[in-house]
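*Asks:* Would you mind keeping the following structure in view while I ask a few things?
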Amino acid sequence: MLKSIITGAVMLVATTAPTLAADIHVYGPGGPLPAMKEAAAAFEKSSGNTVIVTAGPTPQWIGKAKDNADLIFSGSETMMSDFVKAMDGQIKDADVVPLYVRPSAILVRPGNPEKIIGLADLFKPGHKVLVVNGAGQNGLWEDMAGRTGDIEKVKALRANIKTFAANSAEAKKAWTEDKSFDAWIIWNIWQVANPKLADVVEVEPDYRIYRDTGIVLTERGGKNADAKAFSQFLQGPEAKAIFAKAGWTTPSK
């Protein structure tokens, strides 16, 4: 009789105890990280779920992402296509959701000592330019210089590029350590996140390029109601305001 009572009590506790929500694991590049982390914190506050965001150069996190990722975010469509391949079937092209875009920009030394006012200035001899040619910026500088169809502009800008960094983190290191660079072609969001590191010069509309950050649920995340809720949150008004504050262009509707 006593054994039956104890067994029944254990079963009652097991069936009535609350289910602890699992952490939501999110991975992606460093560019969207400030906005993504702030959005994750806002979601945690409203939902009670813990969102663990890991970001940086892909080789640093791709192995862990294959083990436990619920959601992947990208820094461009080409980057997302690379992630689809790298994740070995855990994410699908058809499930990708583009979120927000940001424009290419020119970062200059604080106070803009060279008085650079646009990309056209970087076609002139004498500048030392830093670019990223990798991650979400493959071909970015070429797309900008080549938009008007004038090969001479591509030649002129290439002649001034002294370092082709593999990713934004590598470029940031070069910019910090080598003060002889007077211009850094990258996304505007990097200056928003690092206002003391550089001033920003807008690129003329004729040369400006936009690329997006997108999200995709993994196979694991698609089965996780909390991960799906976070995906929806990133598409909603609160996250939109967070990304806009970080320099991203968000839709008007």
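*Asks:* Across segment 120-128, in residue order, what do the Karplus-derived ³J(HN,Hα) couplings come to in whole Hz, using 6.51 cos²θ - 1.76 cosθ + 1.60 with θ = phi - 60° and x for Gly and Pro?
*Replies:* With the stated coefficients, segment 120-128 comes to 4, 5, 7, 7, 7, x, x, 8, 10 Hz.
*Asks:* Need one word for segment 106-253: rounded, prolate or oblate. Basis is the Cα gyration tensor (sqrt eigenvalues a ≥ b ≥ c); a/c below 1.5 gives rounded, then a/b vs b/c decides.
*Replies:* Values: a/c = 2.11, a/b = 1.96, b/c = 1.08.
Here segment 106-253 falls in the prolate category.
*Asks:* Taking amide hydrogens as modeled 1.01 Å from N in the peptide plane, which residues meet the under 5 Å criterion relative to THR54, leaving out close sequence neighbours?
*Replies:* Answer set, sorted by chain and number: VAL26, TYR27, GLY28.
*Asks:* Report the charge-dipole magnitude of segment 200-240 in Debye, nearest 20, computed about the Cα centre from +1 at each Lys and Arg Cβ and -1 at each Asp and Glu Cβ. All intermediate terms of the calculation are to be shown ahead of the outcome.
*Replies:* Working: 6 positive and 7 negative charges, 65 e Å.
Roughly 320 debye for segment 200-240.
*Asks:* Rounded, prolate or oblate: pick one for segment 120-160, where a ≥ b ≥ c are the square roots of the eigenvalues of its C-alpha gyration tensor, a/c under 1.5 means rounded, and failing that, prolate if a/b is larger than b/c, else oblate.
*Replies:* Values: a/c = 2.58, a/b = 1.25, b/c = 2.07.
Note, shape of segment 120-160 comes out oblate.
*Asks:* Suppose every K and R has +1 on its Cβ and every D and E has -1 on its Cβ; what is the size of the dipole of segment 101-231 about the Cα centre, in Debye to the nearest 20? Present the calculation step by step, with values, prior to reporting the outcome.
*Replies:* On the way: 19 positive and 17 negative charges, 53 e Å.
Charge dipole, segment 101-231, about its Cα centre: 260 debye, nearest 20.
*Asks:* Please give the length that would be gained between LYS85 and ALA229 if that part of the chain were fully extended, namely 0.36 nm times their separation in residues minus their C-alpha to C-alpha distance (nm, one decimal). Walk me through the numbers on the way to the answer.
*Replies:* On the way: separation 144, 0.36 × 144 = 51.84 nm, distance 2.51 nm.
Full extension of this stretch gives 49.3 nm more.
*Asks:* In what sequence, largest accessible area first, do PHE123, PHE164 appear using a 1.4 Å probe? Before the final figure, lay out the partial values.
*Replies:* Numbers: PHE123 35, PHE164 85 Å².
Ranked from most to least accessible, the order is PHE164, PHE123.
*Asks:* Quickly work out the LYS64-to-GLU238 label distance, labels modelled 7 Å from Cα along the C-beta direction, and quote it in nm with one decimal.
*Replies:* 2.5 nm
*Asks:* With N denoting the number of residues in segment 19-166, provide Rg(C-alpha) divided by 2.2 N^0.38 Å, to two decimal places. The partial results should precede the final answer.
*Replies:* On the way: Rg = 19.1 Å, N = 148, 2.2 N^0.38 = 14.7 Å.
In units of the 2.2 N^0.38 Å rule of thumb, it is 1.30.
*Asks:* Using only the alpha carbons of the chain, determine the length spanned along each of the three principal axes and report them from longest to shortest in whole angstroms.
*Replies:* 93, 39, 35
*Asks:* Right, next: Quote the FRET efficiency, to the nearest 0.05, computed for ASP206 versus ASP93 with a Förster distance R0 of 22 Å and r equal to the Cβ-Cβ distance.
*Replies:* Numbers: r = 32 Å, r/R0 = 1.43.
Rounded to the nearest 0.05, the efficiency is 0.10.
*Asks:* Okay, moving on. Helix-derived [θ] at 222 nm for the chain: sum -39500 (n - 2.57) over DSSP H runs of at least 4, divide by residue count, nearest 500? Don't jump to the answer; show the numbers that get you there.
*Replies:* Details: 10 runs with 97 residues, N = 253.
Per the formula, -11000 deg cm²/dmol.
*Asks:* Over 14 Å apart: what share of the alpha carbon pairs of segment 150-200 falls there, rounded to a whole percent? Provide the component values of the computation, followed by the final result.
*Replies:* Working: 721 of 1275 pairs.
Tail of the P(r) past 14 Å holds 57 percent of the pairs.
*Asks:* Applying the Karplus parametrisation 6.51 cos²θ - 1.76 cosθ + 1.60 with θ = phi - 60° to the phi angles of segment 183-197, what ³J(HN,Hα) value in whole Hz is obtained for each residue in order, glycine and proline being reported as x?
*Replies:* 8, 9, 8, 6, 7, 4, 5, 5, 6, 4, 7, 9, x, 7, 7
*Asks:* Given labels modelled 7 Å from the Cα in the Cβ direction, how far is it in nm from PHE164 to LYS45?
*Replies:* Rounded to a tenth, the inter-label distance reads 4.4 nm.
*Asks:* Using the Cα centre of the chain as origin and beta-carbon charges of +1 (Lys, Arg) and -1 (Asp, Glu), tell me which of THR50, ILE117, ASN68 is placed farthest towards the positive end of the dipole.
*Replies:* THR50
*Asks:* To continue, here is another question. Rounded to a whole number, what is D in µm²/s for segment 186-237 from Stokes-Einstein with the Kirkwood radius over alpha-carbon pairs (37 °C, 0.692 mPa s)? If you can, show how the numbers build up before the last one.
*Replies:* On the way: Rh = 14.2 Å.
In µm²/s, the coefficient rounds to 231.
*Asks:* Modelling each spin label as a point 7 Å along the Cα-to-Cβ direction, I'd like the THR176/ARG220 distance in nm, to one decimal.
*Replies:* Result for the modelled spin labels: 3.0 nm.
*Asks:* Suppose every K and R has +1 on its Cβ and every D and E has -1 on its Cβ; what is the size of the dipole of segment 152-227 about the Cα centre, in Debye to the nearest 20?
*Replies:* Working: 12 positive and 12 negative charges, 45 e Å.
Roughly 220 debye for segment 152-227.
*Asks:* Near the amide H of ALA183, under 5 Å away, which other amide H atoms are found, from residues 5 or more places off or on another chain, if H is placed in the peptide plane?
*Replies:* Amide H neighbours of ALA183: LYS128, LEU130.
The values are calculated or read from the model by the stated rules, or taken from the named source; none is laboratory data. Everything quoted here is computed from the prediction, not taken from an experiment. Don't worry about glycine lacking a Cβ; one is built from the backbone with ideal geometry, like all the others, and counts go over all protein chains shown. Ligands, DNA and RNA are stripped out before the accessible areas are found, and what is left, the full protein with its side chains, is counted by its heavy atoms. Shrake-Rupley method; radii C 1.70, N 1.55, O 1.52, S 1.80 Å.
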